[in-house]
Amino acid sequence: MLLNTLFDELTGRGSGTEAARHARYEWLEQLRCANPLADENGPMAGIPGHHWYRLPQALTVAGQRTDLLVGTLNAQYLVFAGRHAPAFAAELGLQYDANNRIDRPGGLDALLAAYEEQDDGSWSTLPAGSPAPPLAGWDDVYFRVRDLSDGKAIQSVTTIAYESSRFPGYTLLGTTLVGAGAIAHDDETAAYLQQIFADWAIQRSCADACPSSPAPWPCTPRQQPPAPFGAPFDFARNLAYLDALLAAYGRAQMQAQDDGDDAAYWACAAASVAYQAFSLRYTAGLPLLDVETALEAAVAACETARAALAAAYDDEQLPAFDFEQLTDYARTLQLLGASLLFGRHDLAARLAALQTAFDGEDGVVEALLSAIDPQRPAVDEWYFAAPYTALYDCLHADDATQQLAHLRHYLASWHAALVQEDWFNGHLRAQGLGGYYGLWAFEAAAVARRLGLDRGALAHWLMPPSP
């Protein structure tokens, strides 16, 4: 019986009561084992977990058998030899974690942060002195979240199938945060979680509707993600997915408006995806006219999101982006930089109109906007030191040599400084849809264009090559 309920929990089919979970844990304590393969430098050394167990009987999922378990009281995983996460996902109805928002087992969410860019512009290398092993720096998570809230407490359980370059010969399948992290129930938080769950369902539905493209991509990509598994990135499928997601979010927003619910969540989600759709079109090598049309749509989506936020909070001065949040600040500079790079001063002005609440507060933004409005104020402070101090210094340097040095520093530090963003290292999570749409410091290219700097001296994988 305990083995059956453990199997149900590990595969996300059931969780049982808190008492039952403690009974299983006490039973597992009798099955604890030493696993020499998990010792330092062993093939399982990268699999986190304080306790290893040998089950009295092997469990089978999607045709794969194992009797090895690793975990703690609140997180337990079956450990399978081989790479089976996609098969487990199909068997259990899991979806891909495109946005990098699901906690990795034992804190391995920091895995990819260990890979830093080198002087030669390499993407997925270890710090200097440590050569990257084959398939370095990738991880893939498939997940399903079940809401266990009971009207008194808000609680959920996440089932995940996980593979990682930390342990490339194994797959983890199990549950995390079972019975932990419950918070007092309130209607606002519950409604927000329901929106998140509905959002994930929309993402999965759109992914299911976008089959892989058998034809080779006809354009030359402006940025090509690594292919750690030998398969080229499917630009056609990812573009179709983002377009489908945009349409679905539009329908969800209209439905929320009709029902008198919060439409701002969906408007903001659509604005984020609209930027991704623009960026992926640029990345994929589509003609610049098509890319520019997508940029216009991204700015329009920001305007729609701002209007929805203003209605939700009854505040017409509410900005579209909160400069106190690094995610919003970075996206503002990317959009503003892209608008200036494409010579679309009208779009830059529309973006400025969305942010009047922050007028005169940020030196980097004001310096960029001075390209379209010389009357913008000179400001000597800005919201985030890293990596944006280098960009500010570039904009205010006296000669081209200093400007080039500052902009090179900005490009070299940009990726690592934004390590906590949802899209960080998306190029290394290419097994599902939406994880990668190109990583571009559009603002750096806009500054180089404005200052007349030699683009050949600024070759970098983050630097947009055109226009």
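The values are calculated or read from the model by the stated rules, or taken from the named source; none is laboratory data. In this text, all values refer to a predicted model and were calculated from it rather than measured experimentally. All Cβ positions, glycine included, derive from the backbone under ideal geometry; neighbour counts span all protein chains shown. Note: areas computed on protein heavy atoms with side chains; ligands, DNA, RNA excluded. Shrake-Rupley method; radii C 1.70, N 1.55, O 1.52, S 1.80 Å.
Which of the numbered conditions does Arg237 fail, given that it passes all the others? Conditions: (1) open to solvent by 50 Å² or more (accessible area, probe 1.4 Å); (2) in contact (Cβ under 8 Å) with a residue 40 or more places away in the chain; (3) more than 24 Å from the chain's Cα centre (by Cα).
(3)
Output the residues belonging to the stretch 43-73 that are hydrophobic (A, V, I, L, M, F, W, C) and either open to solvent by 40 Å² or more (accessible area, probe 1.4 Å) or at pLDDT below 90 (or both).
Keep residues of the stretch 43-73 that are hydrophobic (A, V, I, L, M, F, W, C), which gives 44-45, 47, 52, 55, 58-59, 61-62, 68-70, 73.
Once the filter is applied, which keeps residues that are hydrophobic (A, V, I, L, M, F, W, C) and either open to solvent by 40 Å² or more (accessible area, probe 1.4 Å) or at pLDDT below 90 (or both), the stretch 43-73 yields Ala45, Ile47, Leu73.
Give the residue, chosen from Glu26, Glu18, Glu9, Glu40, that is touching a residue at least 40 places away in the same chain (Cβ under 8 Å), charged (D, E, K, R) and exposed (fewer than 12 other Cβ atoms within 10 Å of the Cβ). Break it down stepwise before answering.
Numbers: Glu26 fails: touching a residue at least 40 places away in the same chain (Cβ under 8 Å); Glu9 fails: exposed (fewer than 12 other Cβ atoms within 10 Å of the Cβ); Glu40 fails: touching a residue at least 40 places away in the same chain (Cβ under 8 Å).
So the residue among Glu26, Glu18, Glu9, Glu40 that is touching a residue at least 40 places away in the same chain (Cβ under 8 Å), charged (D, E, K, R) and exposed (fewer than 12 other Cβ atoms within 10 Å of the Cβ) is Glu18.
Test Leu31 against the criterion of being modelled with pLDDT of 90 or more and not small (Gly, Ala, Ser), and give yes or no. Break it down into steps so the answer makes sense when it comes.
Details: modelled with pLDDT of 90 or more: yes; not small (Gly, Ala, Ser): yes.
Yes: the conditions hold for Leu31.
Yes/no matrix, rows are residues, columns are (1) open to solvent by 60 Å² or more (accessible area, probe 1.4 Å); (2) aromatic (Phe, Trp, Tyr); (3) within 16 Å of Gln195 (Cα to Cα); (4) at pLDDT below 95:
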| residue | (1), (2), (3), (4) |
| --- | --- |
| Gly230 | yes, no, no, yes |
| Tyr249 | no, yes, yes, no |
| Gln257 | yes, no, yes, yes |
| Ala274 | no, no, no, no |
| Gly285 | no, no, no, no |
| Arg306 | no, no, no, no |
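Count, please, the residues in the stretch 387-416 that happen to be outside any helix (DSSP H, G or I) and touching a Phe, Trp or Tyr at 6+ places or on another chain (Cβ under 9 Å). Working first, answer last.
Within the stretch 387-416, the first condition is being outside any helix (DSSP H, G or I), and the residues that meet it are 387, 397-399.
Now restrict to residues that are touching a Phe, Trp or Tyr at 6+ places or on another chain (Cβ under 9 Å): 387.
Within the stretch 387-416, residues that are outside any helix (DSSP H, G or I) and touching a Phe, Trp or Tyr at 6+ places or on another chain (Cβ under 9 Å) number 1.
At pLDDT below 95, in a loop (DSSP other than H, G, I, E, B) and not hydroxyl-bearing (Ser, Thr, Tyr) - does that describe any residue in the stretch 338-346?
At the first step, the residues of the stretch 338-346 found to be at pLDDT below 95 are none.
Scanning the stretch 338-346, I find no residue that is at pLDDT below 95, in a loop (DSSP other than H, G, I, E, B) and not hydroxyl-bearing (Ser, Thr, Tyr), so the answer is no.
Residue by residue, here is whether (1) more than 24 Å from the chain's Cα centre (by Cα); (2) open to solvent by less than 60 Å² (accessible area, probe 1.4 Å) holds:
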site: Asp373; (1), (2): yes, yes
site: Glu381; (1), (2): yes, no
site: Phe384; (1), (2): no, yes
site: Pro387; (1), (2): no, yes
site: Ala390; (1), (2): yes, yes
site: His396; (1), (2): yes, no
site: Asp399; (1), (2): yes, no
site: Ala405; (1), (2): yes, yes
site: Ala416; (1), (2): no, no
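Which is of a type in the set (Gly, Ala, Ser) and surrounded by fewer than 17 Cβ atoms within 10 Å (Cβ to Cβ), of Ala320, Ala348, Ala338, Ala310? Spell out the reasoning first.
Details: Ala320 fails: surrounded by fewer than 17 Cβ atoms within 10 Å (Cβ to Cβ); Ala348 fails: surrounded by fewer than 17 Cβ atoms within 10 Å (Cβ to Cβ); Ala338 fails: surrounded by fewer than 17 Cβ atoms within 10 Å (Cβ to Cβ).
Only one candidate passes the filter, namely Ala310.
Suppose we keep only residues that are aromatic (Phe, Trp, Tyr) and either in contact with a strand residue (DSSP E or B) (Cβ under 9 Å, 6 or more places away or on another chain) or part of a helix (DSSP H, G or I) (or both) within the stretch 308-337. Which one would you say is modelled with the lowest pLDDT?
Initial filter on the stretch 308-337 (aromatic (Phe, Trp, Tyr)): 313, 321, 323, 329.
Cutting the leftovers down to either in contact with a strand residue (DSSP E or B) (Cβ under 9 Å, 6 or more places away or on another chain) or part of a helix (DSSP H, G or I) (or both) gives us 313, 329.
Values: Tyr313: 90, Tyr329: 95.
Among those that are aromatic (Phe, Trp, Tyr) and either in contact with a strand residue (DSSP E or B) (Cβ under 9 Å, 6 or more places away or on another chain) or part of a helix (DSSP H, G or I) (or both), it is Tyr313.
Please name all residue pairs, on different chains or six or more residues apart, with Cβ atoms under 9 Å, provided the first residue is in the stretch 448-467 and is of a type in the set (Val, Ile, Thr) and the second residue is open to solvent by less than 50 Å² (accessible area, probe 1.4 Å) and assigned to a loop (DSSP other than H, G, I, E, B).
Sorted first by the residue in the stretch 448-467, then by its partner, the list stays empty.
Could you check the stretch 426-437 and list, in sequence order, the residues that are crowded, with 23+ Cβ neighbours inside 10 Å and either of a type in the set (S, T, N, Q) or modelled with pLDDT of 85 or more (or both)?
Scanning the stretch 426-437 gives a single hit, Tyr437.
When residues of the stretch 276-307 are filtered for being outside any helix (DSSP H, G or I) and hydrophobic (A, V, I, L, M, F, W, C), how many remain?
Initially, the stretch 276-307 is screened for residues outside any helix (DSSP H, G or I), giving 285-287.
Now restrict to residues that are hydrophobic (A, V, I, L, M, F, W, C): 286.
The qualifying residues number 1.
Considering only residues of the stretch 157-193 that are closer than 23 Å to Ala89 by Cβ and open to solvent by 40 Å² or more (accessible area, probe 1.4 Å), which is modelled with the highest pLDDT? Can you show your working first?
At the first step, the residues of the stretch 157-193 found to be closer than 23 Å to Ala89 by Cβ are 157-178, 193.
Retained after the next criterion (residues that are open to solvent by 40 Å² or more (accessible area, probe 1.4 Å)): 166, 168, 177, 193.
Numbers: Arg166: 78, Pro168: 82, Leu177: 65, Leu193: 78.
Among those that are closer than 23 Å to Ala89 by Cβ and open to solvent by 40 Å² or more (accessible area, probe 1.4 Å), it is Pro168.
Look at the stretch 74-122 and say how many of its residues are among the charged types (D, E, K, R), touching a Pro at 6+ places or on another chain (Cβ under 8 Å) and at pLDDT 90 or above. Outline the logic, then answer.
Going residue by residue through the stretch 74-122, those that are among the charged types (D, E, K, R) are 83, 91, 97, 101, 103-104, 109, 116-117, 119-120.
Of the ones still in play, those that are also touching a Pro at 6+ places or on another chain (Cβ under 8 Å) are 83, 116.
Still in the running and at pLDDT 90 or above: 83.
The number of residues fulfilling the criteria is 1.
Filter the stretch 197-228 down to the residues that are open to solvent by less than 60 Å² (accessible area, probe 1.4 Å), in contact with a helix residue (DSSP H, G or I) (Cβ under 9 Å, 6 or more places away or on another chain) and assigned to a helix (DSSP H, G or I) and list them by number.
The answer is Ala198, Asp199, Ile202, Gln203, Cys206, Ala207.
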